[in-house]
Amino acid sequence: MISDIQQDAATRMAKSIEALKHEFSKIRTGRAHPSLLDQINVSYYGSESALSQVANIAVEDARTLTITPWEKGMVQAIEKAIMKSDLGLNPSTNGMTIRIPLPALTEERRRSLVKIVKAESENGRVAIRNIRRDANSEIKEALKEKLISEDEARSGEEKIQKITDQFIKDIEKLLEAKEADLLSI
């Protein structure tokens with residue numbers, strides 16, 4: 001019973017780490033990467049579609065992305081969608097190819113991105129702690145219903161705390177790596 005609770009908590013905590021990694025991937029470091037455009041949707045024949053479903057996104061060089069739409073009529077719709085996004089990117093069109101030069105990050109912008117990354121990592125820590133709280137309450141409920149002994153409950157809570165500590169360390173490592181990445185020029 002306790003091992004099931006621990007396994008469930010560890011699985012949920014791992015999902016929280018994956019969600020944090022996904023959030024970190026949205027925060028750009030000045031290098032071109034196709035995932036920067038993942039959240040952009042384009043109006044395609046009346047319905048919203050992900051940009052990657054209507055065009056090919058490639059990295060031309062370290063600071064430039066190129067987008068080649070599958071259909072010529074999509075060029076303007078893609079340009080509008082990129083300009084409407086909150087990414088601060090200015091696409092330039094050359095026939096069927098859209099080039100997106102990524103501006104170099106200023107020191108001030110880097111610092112603000114670091115603050116955003118720290119806030120996201122704190123949200124990750126809160127999610128991990130909430131999962132720990134849920135697991136501990138499940139253990140206490142099992143103890144109350146006399147499904148486990150007090151010793152089993154105490155050791156179960158200690159194991160949950162060890163799992164929590166490990167995932168919090170993982171978040172710290174991710175934060176340090178992303179912060180170093182953002183602050184490197």
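Looking at the structure I just gave you, is residue 60 acidic (Asp, Glu) and surrounded by 13 or more Cβ atoms within 10 Å (Cβ to Cβ)?
Details: acidic (Asp, Glu): yes; surrounded by 13 or more Cβ atoms within 10 Å (Cβ to Cβ): yes.
Spelling it out, residue 60 is indeed acidic (Asp, Glu) and surrounded by 13 or more Cβ atoms within 10 Å (Cβ to Cβ).
Residues are listed down the side, and each one gets a yes or a no for (1) crowded, with 17+ Cβ neighbours inside 10 Å; (2) part of a helix (DSSP H, G or I):
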residue: 113; (1), (2): yes, yes
residue: 146; (1), (2): no, no
residue: 151; (1), (2): no, yes
residue: 163; (1), (2): yes, yes
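Name the single residue that is nearest to residue 72 (Cα to Cα) among those in segment 102-111 being in contact with a Lys or Arg (Cβ under 9 Å, 6 or more places away or on another chain) and surrounded by fewer than 15 Cβ atoms within 10 Å (Cβ to Cβ).
Just the residues of segment 102-111 that are in contact with a Lys or Arg (Cβ under 9 Å, 6 or more places away or on another chain), to begin with: 102-105.
If we keep only those that are surrounded by fewer than 15 Cβ atoms within 10 Å (Cβ to Cβ) too, we end up with 103-104.
On the way: 103: 27, 104: 30 Å.
My answer is 103.
Scanning segment 2-12 for residues that are more than 22 Å from residue 151 (Cβ to Cβ) and crowded, with 17+ Cβ neighbours inside 10 Å turns up just one, 12. Report whether or not residue 121 is assigned by TED's automatic domain parsing to the domain that holds residue 9, part of a helix (DSSP H, G or I), in contact (Cβ under 8 Å) with a residue 24 or more places away in the chain and over 15 Å from residue 12 (Cα atoms). For residue 121, the condition - assigned by TED's automatic domain parsing to the domain that holds residue 9, part of a helix (DSSP H, G or I), in contact (Cβ under 8 Å) with a residue 24 or more places away in the chain and over 15 Å from residue 12 (Cα atoms) - is met. I'm checking my understanding of the structure. Among residues of segment 46-85 that are of a type in the set (Ser, Thr, Tyr) and more than 18 Å from residue 103 (Cα to Cα), which one is modelled with the highest pLDDT? Checked segment 46-85; the qualifying residue modelled with the highest pLDDT is 68. When we screen 102, 113 for residues that are under 26 Å from residue 21 (Cβ atoms) and touching a strand residue (DSSP E or B) at 6+ places or on another chain (Cβ under 9 Å), the only hit is 102.
Looking at segment 48-63 only, could you name the residues that are of a type in the set (Gly, Ala, Ser) and over 22 Å from the mean Cα position of the chain (by Cα)?
First, the residues of segment 48-63 that are of a type in the set (Gly, Ala, Ser): 49-50, 52, 55, 58, 62.
The one that is of a type in the set (Gly, Ala, Ser) and over 22 Å from the mean Cα position of the chain (by Cα): 55.
Condition test on residue 149, is it small (Gly, Ala, Ser) and more than 25 Å from the chain's Cα centre (by Cα)? It is true that residue 149 is small (Gly, Ala, Ser) and more than 25 Å from the chain's Cα centre (by Cα).
If you go through segment 56-99, how many residues are of a type in the set (Gly, Ala, Ser), touching a strand residue (DSSP E or B) at 6+ places or on another chain (Cβ under 7 Å) and part of a helix (DSSP H, G or I)? Result for segment 56-99: 2. Within segment 97-115, the set of residues being closer than 24 Å to residue 41 by Cα, modelled with pLDDT under 85 and among the hydrophobic types (A, V, I, L, M, F, W, C) comprises 102, 113.
For segment 13-45, residues that are over 25 Å from residue 180 (Cβ atoms), in contact (Cβ under 8 Å) with a residue 24 or more places away in the chain and surrounded by fewer than 18 Cβ atoms within 10 Å (Cβ to Cβ) total 2. Among the residues of segment 97-138, those identified as under 18 Å from the mean Cα position of the chain (by Cα) and among the acidic types (Asp, Glu) are 120, 122.
The values are calculated or read from the model by the stated rules, or taken from the named source; none is laboratory data. What you see is a predicted model; the values in this text were computed from it and never measured. All Cβ positions, even for glycine, are placed from backbone atoms using ideal geometry, and neighbour counts span all protein chains on display.
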